[in-house]
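To start, the structure under review is shown below, and the notes come after it.
The values are calculated or read from the model by the stated rules, or taken from the named source; none is laboratory data. Everything numeric in this text was worked out from a predicted model, so none of it was measured. Virtual Cβ from ideal backbone geometry, glycine too; neighbours counted across all protein chains shown. Heads up: the accessible areas ignore ligands, DNA and RNA and are worked out on the full protein's heavy atoms, side chains in. Shrake-Rupley method; radii C 1.70, N 1.55, O 1.52, S 1.80 Å.
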Amino acid sequence: MFIISGAGIFGSSVGAAACLTGVILGGILITFAVSKLLSATVLKGYSSAFCLELPPFRCPQVGKIIVRSILDRTVFVLGRAVAVAAPAGLVIWLFANVDINGITLLETVTGFLNPFAEVFGLDGVILTAFILGFPANEIVFPIIIMAYMSEGNLSSMEDLSVLKNLLIDNGWTLCTALCVMIFTLCHWPCSTTLLTVKKETGSLKWTAFSAVLPTTVGLLLCLIVKTAFSIFA
């Protein structure tokens with residue numbers, strides 16, 4: 001919406017593909033760079049190995065496959081989703097609907113975070129949305145829309161032109177869009193991922209580190225972009 005607007009249908013399609021490719025390549029490069037840094041500092045001296053043990057091949061049993069698929073891929077996944085989504089939905093609803101002296105908790109928090117967020121090319125609403133989206137990153141943008149529209153429930157927009165006007169009316173620029181893309185790529189993992197890290201490592205230290213490290217990288221990159229726009233724009 002901000003990078004390739006006005007490029008025409010064909011140009012927009014090519015530009016969108018190029019943007020997506022750039023984000024993916026950027027994520028790969030950041031991964032390699034951070035891995036190299038960790039190998040030279042925190043993980044220096046740790047041996048790195050990967051072992052993959054293949055189970056014996058057997059003739060598939062259709063009934064067992066169906067049962068395990070339903071249990072493992074549907075029931076258990078939905079159960080974990082409900083366990084996380086229900087509390088998260090309650091918290092988001094309370095933030096959007098409980099007010100003190102006519103000001104909702106969401107407005108209070110976004111106003112408090114706004115000065116800090118602006119340093120990194122974001123705003124209080126965006127940063128609050130990422131925080132409230134900790135259970136599932138998919139709800140970050142609906143929270144942003146909800147906050148900008150001052151609504152009490154999550155919503156989405158199918159018309160991108162209307163969405164772009166909403167974002168521009170709330171102070172979005174090309175710099176904001178780039179910083180949001182960067183922070184989407186580099187910020188703390190969702191709750192399910194961190195729970196997996198805790199389960200696999202058995203360490204709260206490494207779990208916290210896995211959240212702090214990408215967030216630090218994301219904020220640093222956002223600061224660089226915001227500084228560059230302040231100097232050259």
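Could you list, in sequence order, the residues of region 125-139 that are of a type in the set (Val, Ile, Thr) and closer than 20 Å to Pro115 by Cα?
The initial filter retains those residues of region 125-139 that are of a type in the set (Val, Ile, Thr), namely 125-126, 128, 131, 139.
Scanning region 125-139 gives Val125, Ile126, Thr128, Ile131.
For every residue, the table says whether it meets (1) touching a strand residue (DSSP E or B) at 6+ places or on another chain (Cβ under 8 Å); (2) open to solvent by 20 Å² or more (accessible area, probe 1.4 Å); (3) free of Cβ contacts under 8 Å to residues at least 40 places away in the same chain.
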position: Leu105; (1), (2), (3): yes, yes, yes
position: Pro115; (1), (2), (3): no, yes, yes
position: Val140; (1), (2), (3): no, no, no
position: Ser161; (1), (2), (3): no, yes, yes
position: Trp172; (1), (2), (3): no, no, no
position: Ala177; (1), (2), (3): no, no, no
position: Ser191; (1), (2), (3): no, no, no
position: Leu194; (1), (2), (3): no, yes, yes
Does region 205-215 include one or more residues that are over 19 Å from the mean Cα position of the chain (by Cα) and either surrounded by 14 or more Cβ atoms within 10 Å (Cβ to Cβ) or without any contact (Cβ under 8 Å) to a residue 40 or more places away in the chain (or both)?
yes
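Output yes when any residue across region 1-20 is at pLDDT 90 or above, hydroxyl-bearing (Ser, Thr, Tyr) and in a helix (DSSP H, G or I), and no when none is. Lay out the reasoning, then the answer.
Of region 1-20, the ones at pLDDT 90 or above are none.
Among the residues of region 1-20, not one is at pLDDT 90 or above, hydroxyl-bearing (Ser, Thr, Tyr) and in a helix (DSSP H, G or I), which makes the answer no.
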So, in region 32-47, how many residues would count as being loosely packed, with under 10 Cβ neighbours inside 10 Å and in a loop (DSSP other than H, G, I, E, B)?
5
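Out of curiosity, is Leu71 free of Cβ contacts under 8 Å to residues at least 24 places away in the same chain, under 24 Å from Phe141 (Cβ atoms) and either surrounded by 10 or more Cβ atoms within 10 Å (Cβ to Cβ) or of a type in the set (S, T, N, Q) (or both)?
Values: free of Cβ contacts under 8 Å to residues at least 24 places away in the same chain: yes; under 24 Å from Phe141 (Cβ atoms): no; either surrounded by 10 or more Cβ atoms within 10 Å (Cβ to Cβ) or of a type in the set (S, T, N, Q) (or both): yes.
No.
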Can you go through Val62, Val82, Val77 and tell me which one is at pLDDT below 80, open to solvent by 90 Å² or more (accessible area, probe 1.4 Å), at negative phi and hydrophobic (A, V, I, L, M, F, W, C)?
Val82
